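Right, I'll just put the structure down here and ask away after.
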Amino acid sequence: MAAVFKLACLVLAFMVVAAPYSAEATITCSTVTSKMAPCLGFLLGGALAPSCCPGVKGLLNMASSTPDRQAACTCLKNAAKAMTNIKMANAAALPGKCGVNIPYKISPATDCTKVK
């Protein structure tokens, strides 16, 4: 179950948009996981929980630097490696469902070092 939560975080990491650069990441994998946990059901093919989008938006706001966004991305990609049951179409739809615009495609193939 913990691995499923971590993969759910993958989606959010890709949703983080550009913000001022900071030298060091302050976001931890446990923070990313807790913010994305309410989205798990949707990512597995179920309905979008009312508590999902506030978590997505909260993580977006927290990831205010390039290192934070890259750290969140890395946490999510590591979780994704352990899971095969995430519906990638739902992951790709999550930003729109939550009213968040992102400048890149949500995909496990995203290079986290290029997330700005």
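Among the residues of the range 92-106 satisfying the criterion of being in a loop (DSSP other than H, G, I, E, B) and at pLDDT 85 or above, which is most open to solvent (accessible area, probe 1.4 Å)?
Among them, the one singled out is Gly99.
It is to be established whether one or more residues within the range 82-91 are in contact (Cβ under 8 Å) with a residue 60 or more places away in the chain and in a helix (DSSP H, G or I).
Yes.
Going by what's in this entry, would Ala109 be described as part of a helix (DSSP H, G or I), free of Cβ contacts under 8 Å to residues at least 12 places away in the same chain and open to solvent by 20 Å² or more (accessible area, probe 1.4 Å)?
no
Among what's in the range 47-73 and is more than 14 Å from the chain's Cα centre (by Cα) and within 24 Å of Ala89 (Cα to Cα), pick the residue that is surrounded by the most Cβ atoms within 10 Å (Cβ to Cβ).
Looking at residues that are more than 14 Å from the chain's Cα centre (by Cα) and within 24 Å of Ala89 (Cα to Cα), I get Leu48.
Next up: Cβ-Cβ distance below 9 Å, separation of 6 or more or different chains: which pairs start in the range 26-39 with a residue that is open to solvent by 60 Å² or more (accessible area, probe 1.4 Å) and end on one that is of a type in the set (Asp, Glu)?
Thr26/Asp68
For the range 64-81, what are the residues that are assigned to a loop (DSSP other than H, G, I, E, B) and at pLDDT 85 or above?
Residue satisfying the conditions is Ser65 alone.
The values are calculated or read from the model by the stated rules, or taken from the named source; none is laboratory data. Not measured: the values here are computed from a predicted model. Cβ coordinates were reconstructed from backbone atoms using ideal geometry, including for glycine residues, and neighbour counts include every protein chain displayed. Note: accessible area is taken over every heavy atom of the protein model, side chains too, but ligands, DNA and RNA are not part of it. Shrake-Rupley method; radii C 1.70, N 1.55, O 1.52, S 1.80 Å.
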